[in-house]
Amino acid sequence: MTEPYTPPKVWTWKQGSGGRFANINRPIAGPTHDKDLPVGKHPLQLYSLGTPNGVKVTVMLEELLALGHTGAEYDAWLINIGEGAQFSSGFVDVNPNSKIPALFDRSVDPGIRVFESGAILVYLSEKFGGAFLPTEPRKRAETLSWLFWQMGSAPFLGGGFGHFYAYAPEKIEYAIDRYAMETKRQMDVLDRHLAANEYMAGEEYTIADMAIWPWYGSLALGVLYGAGEFLEVESYRNVQRWTKQIAERPGAKRGRMVNRTFGDPASQLWERHDASDFDTKTQDKLAAKA
């Protein structure tokens, strides 16, 4: 039987502990190495990875382009967090928190950095005339409330349930039970709300849907952490309907592919610098140059 853990008076960092991502987790901020970020031809430069937080922004950009906002053309550069690319001096300049995604808007001088996925969604909406963010006060409040719900809830799903269920070096029953209970409560919150609403803010598709779908939609499809059966995700019928409805949107389909380096090769687009990259995959172009 494992001895109970008694916390020391002062915590000390044990390098190498912490499971799958131990090599990139540390208790201090700042860069670990000097490296400038690449810059492409478009005003909007995105530095990201195809995780749920990254997908939020690429879906938003693809949806803006689908609406005809040509100014939303963007370069999406791959930031390999497994190799610590988020700790480069260039990336830290754009996001001092060293988390993806990070956006740099070069359409103004001086350029504007935006970090935190929710902030990027709001910034892009306001930059393009309030797209996907209602102006009517009640609907706007509802949209922003659900956006911030996601930002506050996802750590329980990702850093909590996902870590202990899928990535921790050992399975801890208490931790998994605690976060599974909270994850199922969150799914029930969504399911009850979507029983009476087509989208998160009512009948209108908004940035709240774009924020929530990559996390909870992936969970509902049984993709995230491979935990579909464990959490009985099929029982959340309204979440299932909403998830599949968004998945059919062309912008969501394209956005989900960008900076994705895992899963079915046909679903991956490592970097996106032009709309034609969806036909000729960036990874194929990069391989041809190697």
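Throughout, read-outs are computed from the coordinates displayed, never taken from laboratory work. Here the structure is a predicted model, which is why all the values come from computation and not from measurement. Cβ sites come from the backbone with ideal geometry, for glycine too, and all protein chains shown count toward neighbours.
Find the percent of Cα-Cα distances in region 186-290 that exceed 18 Å, and round it to a whole number. It would help to have the intermediate numbers written out before the result.
Working: 2909 of 5460 pairs.
Here the tail beyond 18 Å accounts for 53 percent of pairs.
Output needed for region 137-255: three equivalent-ellipsoid semi-axes, defined as square roots of 5 times the C-alpha gyration tensor eigenvalues, in descending order, whole Å. Mind dumping the intermediate values first?
Working: eigenvalues 127, 45, 33 Å².
Each semi-axis is the square root of five times an eigenvalue, giving 25, 15, 13 Å.
Given the pairs Lys139/Lys253; Lys56/Lys99; Lys56/Lys139, which are separated by over 22 angstrom at their Cα positions?
Values: Lys139/Lys253 26 Å; Lys56/Lys99 14 Å; Lys56/Lys139 20 Å.
Among Lys139/Lys253; Lys56/Lys99; Lys56/Lys139, the Cα-Cα distance tops 22 Å for Lys139/Lys253.
Give me the distance in nm between label points sitting 7 Å out from Cα along the Cα-to-Cβ direction at Asn25 and Glu248, one decimal.
It works out to 4.0 nm between the two label points.
With each run of n ≥ 4 DSSP H residues scored as -39500 (n - 2.57), what mean residue ellipticity at 222 nm is computed for the chain after dividing by its residue count and rounding to the nearest 500 deg cm²/dmol? Walk me through the numbers before you get to the answer.
Working: 10 runs with 110 residues, N = 290.
Value at 222 nm, helices only: -11500 deg cm²/dmol.
List, largest first, the extents of the alpha carbons of region 20-62 along their principal axes, each in whole Å.
Dimensions of region 20-62 along the principal axes of its Cα atoms: 34, 25, 14 Å.
Anyone know which of Ala252, Ala266, Ala85 comes out most mobile in the 10 Å Cα GNM of the chain?
Of the options given, Ala266 has the highest mean-square fluctuation.
Calculate the spin-label point distance for Asp36 paired with Ser267, positioning each point 7 Å from the Cα along the beta-carbon direction, and give it in nanometres.
Placing both labels 7 Å beyond Cα along the Cβ direction yields 3.7 nm.
Give the aspartates and glutamates reachable from Lys171 as a straight Cα distance under 19 Å; neighbours fewer than 8 places away on the same chain don't count.
Glu3, Glu182, Glu229
Which entries of Lys9/Lys35; Lys14/Lys35; Lys184/Lys244 show an alpha-carbon separation above 31 angstrom in the structure shown?
Where the Cα-Cα span goes over 31 Å, the pairs concerned are Lys9/Lys35.
Taking the alpha carbon gyration tensor of region 1-131, what are the square roots of 5 times its eigenvalues, largest first, to the nearest whole Å?
Square roots of five times the eigenvalues give 35, 16, 13 Å.
Quick one: of the DSSP bridges fully inside the chain, what percent are antiparallel, nearest 5?
Working: 10 of 17 bridges.
Antiparallel bridges make up about 60 percent of those DSSP assigns within the chain.
If you build a Gaussian network model of the chain, linking Cα atoms that sit under 10 Å apart, which residue out of Glu182, Glu170, Glu271 swings the most?
Glu170
Say we join alpha carbon atoms closer than 10 Å with springs in a Gaussian network model of the chain; which of Ile176, Ile207, Ile79 then has the biggest fluctuation?
Ile176
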